[in-house]
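This report concerns only the one structure given below.
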Amino acid sequence: MSGNEREDDDSLRAFVAARLPRLRRSAFLMCGDWQLAGELTRAALARLVVDTRRGAVADAEVYAYADLMEACRKRNRRREHVFVASAGGAGVATESILLLDALHKLAPRCRAVLVLRYWDGFDVDTTGAMLDLEDERVAAYERAGLAALEKLLTESEAAMAGEAAAAGGRR
């Protein structure tokens with residue numbers, strides 16, 4: 001192995017180690033299951049390593065997120081609620097549960113755009129590159145996702161308030 005190849009491998013190892021936690025969190029936000037998120041992330045990073053060594057990767061970050069989002073999309077083609085956690089558990093706030101529950105009720109493309117834009121902080125151009133979407137489509141998914149998320153959160157909060165009031169009346 002030449003010095004350049006060793007440096008490239010070291011850089012690739014550093015990239016993978018640095019991005020693994022964020023990619024896994026993004027996968028979790030997409031699929032709602034930490035074990036599956038770990039599996040999808042490891043598989044995406046393995047493909048990144050192979051394709052980088054073949055010289056087929058122009059931007060490792062765009063490649064890693066694009067591959068991960070596609071894997072999550074294929075894995076979860078239907079809109080379904082998959083997140084399960086209990087409020088009041090160690091380190092789990094009720095607001096987090098409501099947000100994750102609402103996020104998982106969104107269409108997969110809307111969810112992907114919101115995860116990439118708001119949790120991972122990517123701009124519209126980069127998000128479009130990762131999801132193979134034009135900037136206008138990214139903006140449209142973002143608007144639709146935010147509107148749906150707001151509606152779902154409002155409904156969840158109203159339901160919780162109704163349950164709290166009903167529970168208070170039974171005492």
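Bear in mind that the values in this text are calculations on the coordinates, not laboratory data. Keep in mind that what you see is a predicted model, and the values were worked out from it rather than measured. Neighbour counts run over all protein chains shown; Cβ positions are idealised from the backbone, glycine included.
Peptides 132-139, 97-104, 6-13 ordered by packing proxy, namely the average of other Cβ atoms within 10 Å per residue, highest first: 97-104, 132-139, 6-13.
Under 13 Å from the Cβ of residue 37, count the other residues' Cβ atoms, weight Lys and Arg +1, Asp and Glu -1, and hand me the total.
Net local charge, residue 37 excluded: +3.
On a C-alpha basis, how far is the centre of the stretch 24-45 from the centre of the stretch 101-146 in Å? Whole number, if you could? Their Cα centres are 17 Å away from one another.
If you plug the beta carbon distance of residue 95 and residue 165 into 1/(1 + (r/R0)^6) with R0 = 22 Å, you get a FRET efficiency near 0.70. All other residues whose Cβ lies under 10 angstrom from that of residue 126 are scored, Lys and Arg at +1 and Asp and Glu at -1, for a net of -4.
Taking a Cβ cut-off of under 13 Å around residue 156, the surrounding Lys, Arg, Asp and Glu residues balance to a net charge of -4, with basic ones at +1 and acidic ones at -1. For the pair residue 125 and residue 158, what calculated FRET efficiency results from E = 1/(1 + (r/R0)^6), where r is the Cβ-Cβ distance and R0 = 41 Å, to the nearest 0.05? The formula returns an efficiency of 0.65 here. Segment residue 144..residue 132, full-extension length gain: 2.5 nm, with 0.36 nm per residue of separation and the alpha-carbon distance subtracted.
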